[in-house]
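None of the figures in this text is laboratory data; all of them are computed from the coordinates on show. Since the structure is predicted, the reported quantities are computational estimates derived from the model, not experimental observations. Here the Cβ positions follow ideal geometry from the backbone for every residue, glycine too, while neighbour counts run over all protein chains shown.
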Amino acid sequence: MINYPSSKLPDINTTIFTIMSGLATEHQAINLSQGFPDFNCPEELIELVTRHMRDGHNQYAPMPGVKRLREKISEKTQLMYDYQPDPEREITVTSGATEALFAAIAAVVKAGDEVVVLEPCYDAYIPAIRLAGGIPIHVPLVVPDFHVDWNLVKKRISSRTRAIIINTPHNPTGAVMTHQDMETLASIIDSTDILVISDEVYEHMVFDGDTHSSVLRHPSLRTRSMVISSFGKTYHTTGWKIGYAIAPPALTTELRKMHQFLTFSTVTPMQLAIADYLDNDTHYRTLPHFYQAKRDLFCQLLEPSRFQVLPSSGTYFQLARYDAISQEHDLDFAKRLTREIGVASIPVSVFYHDKTDNNFLRFCFAKSEDTLRQAAERLVEL
């Protein structure tokens with residue numbers, strides 16, 4: 001009998017996204033659970049990828065990313081946030097935003113370091129912290145609008161705090177941090193060595209006329225921050241798994257040490273195609289309107305239902321409270337909806353370390369109008 005080593009993550013099982021998508025397939029349900037569009041990326045992108053493949057660009061890309069793409073990212077960052085990072089020393093293209101997050105955490109978190117995490121949070125943060133030997137310090141966002149209680153954050157900071165992870169626009173809640181939030185964060189950590197890991201993958205999905213408050217806009221924050229972005233979210237290409245990280249040179253050096261041994265480099269023809277496509281800023285500039293229209297439609301369709309909808313301020317996720325319908329635990333309710341009603345969602349309790357249940361489900365509205373209408377018809381029946 002082989003004595004296998006004990007698990008490094010004994011309490012971590014298959015992700016809820018895999019579970020709910022599998023359940024949706026099994027019951028032929030409409031899948032509003034996992035965050036991916038059911039429509040295609042721009043046709044021009046497909047043509048560009050095909051051209052680069054046929055031109056022979058099918059071997060390893062440079063470890064930090066194709067130079068031309070890093071230069072285009074630098075130009076785009078200047079255009080959006082009035083800051084132009086050095087493409088050679090401050091920008092790294094990664095195999096998805098999750099890889100960038102893992103590399104960022106592994107680069108700076110050592111055994112015994114504490115990392116402040118705002119909950120509910122994307123499920124990759126805490127395992128990455130623990131695998132690095134760090135200790136997650138959980139700070140709950142304030143229900144029902146999920147704003148940050150900065151006084152509580154300040155109380156949870158200690159001499160062992162290495163970093164704080166923020167996420168705006170926020171998955172799973174759709175909450176958006178403001179310029180004042182960034183000012184407050186800066187004031188709290190100004191006299192410390194605390195770093196910021198800023199997950200900004202939904203940066204182009206901020207609604208109702210608001211603008212994205214990136215840490216890159218804030219001079220004192222960007223000198224201590226690693227900012228994570230995603231072309232998969234921006235260009236409806238989640239399956240391409242292409243993201244990037246922007247960080248000061250010293251932090252980029254450490255992040256690249258992790259990146260080169262995680263994936264080394266990211267798929268070449270996709271990088272070249274995106275570099276070409278970035279010459280046209282129309283797509284990402286019109287993305288807020290594109291997704292706000294989907295949010296508004298979905299919320300309007302749910303008005304006759306017994307769900308309490310909390311309109312999303314950003315991302316392509318919509319929370320809905322169901323306590324007027326059932327007192328079931330949200331995981332049980334989400335599974336029953338999938339089996340009996342034929343609509344898959346994500347229970348928000350899975351984004352808390354202690355499975356806090358506030359009777360919220362998360363629905364993804366990055367879907368065609370027909371899909372949203374069919375899903376809403378079923379939900380209204382409850």
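Would you work out which of 120, 212, 186 lies farthest towards the positive end of the dipole of region 114-230? Charges go on Cβ: Lys and Arg +1, Asp and Glu -1. Most positive-ward Cα: 186. Considering only 318, 94, 302, and ranking their Cα positions along the charge dipole of the chain that arises from unit charges at the beta-carbon of Lys, Arg, Asp and Glu, the one farthest toward the positive end is 94. Helical runs (DSSP H, four residues minimum) scored at -39500 (n - 2.57) apiece and divided by the length of the chain put the mean residue ellipticity at 222 nm at -11500 deg cm²/dmol. Look at the alpha carbon pairs under 8 Å that are at least 6 residues apart: their mean separation over the length of region 337-377 gives a relative contact order of 32 percent.
Mean separation of Cα pairs under 8 Å and 6+ residues apart, divided by the residue count of the chain: what relative contact order is that in percent?
Details: 733 pairs, mean separation 93.7, N = 382.
Once normalised by length, the contact order is 25 percent.
Can you give the extra length, in nm with one decimal, that the chain gains between residue 28 and residue 332 once fully stretched, where that is 0.36 nm per residue apart less the Cα-Cα distance? Working shown, then result.
Numbers: separation 304, 0.36 × 304 = 109.44 nm, distance 1.82 nm.
Computed gain between residue 28 and residue 332 is 107.6 nm.
From least to most packed, judged by other beta carbons within 10 angstrom and beginning with the fewest, 355, 367 follow the order 355, 367. If you take every DSSP beta bridge fully contained in the chain, what fraction is antiparallel? Give it as a percent rounded to 5. Taking every DSSP beta bridge with both residues in the chain, the antiparallel ones total about 50 percent. Within the shell defined by Cβ-Cβ distances under 13 Å, the residues around residue 36 carry a net charge of +2, with Lys and Arg each +1 and Asp and Glu each -1. Overall, the chain carries a charge dipole of about 900 debye about its Cα centre when +1 sits on the Cβ of Lys and Arg and -1 on the Cβ of Asp and Glu, all other atoms neutral. Considering only 80, 64, 141, whose Cα is most displaced toward the positive end of the charge dipole of the chain, charges sitting on Cβ of Lys, Arg (+1) and Asp, Glu (-1)? Sorting the options by dipole projection puts first 64.
Using the Cα gyration tensor of the chain, with a ≥ b ≥ c the square roots of its eigenvalues, what is the shape: rounded (a/c below 1.5), prolate (a/b larger than b/c) or oblate (neither)? If you can, show how the numbers build up before the last one.
Working: a/c = 1.44, a/b = 1.18, b/c = 1.22.
It is rounded, given that a/c, with a ≥ b ≥ c, falls under 1.5.
Using the Cβ of residue 230 as centre and a radius below 12 Å, the other residues enclosed give a net charge of -2, where K and R count +1 and D and E count -1.
Grab the other residues whose beta carbon is less than 9 angstrom from that of residue 311, score K and R as +1, D and E as -1, and report the net. Walk me through the numbers on the way to the answer.
Details: positive: 295; negative: 208, 296.
Overall, the nearby charge balance is -1.
Check each of the GluC sites (Glu not before Pro) in region 17-93 and keep only those in coil by DSSP with at most 14 other C-beta atoms within 10 angstrom; list them in order.
Working: sites: 26, 43, 44, 47, 71, 75, 88, 90; in loops: 88, 90.
Those satisfying the criteria are 88.
Of 1, 258, 226, the sequence from fewest to most neighbouring Cβ atoms within 10 angstrom is 1, 258, 226.
Close amide H contacts of residue 266 (hydrogens built in the peptide plane, cut-off under 5 Å, sequence separation of 5 or more or a different chain): 61.
For residue 205, nonlocal amide neighbours, meaning residues 5 or more places apart or on other chains whose placed amide H falls under 5 Å from its own, are 315.
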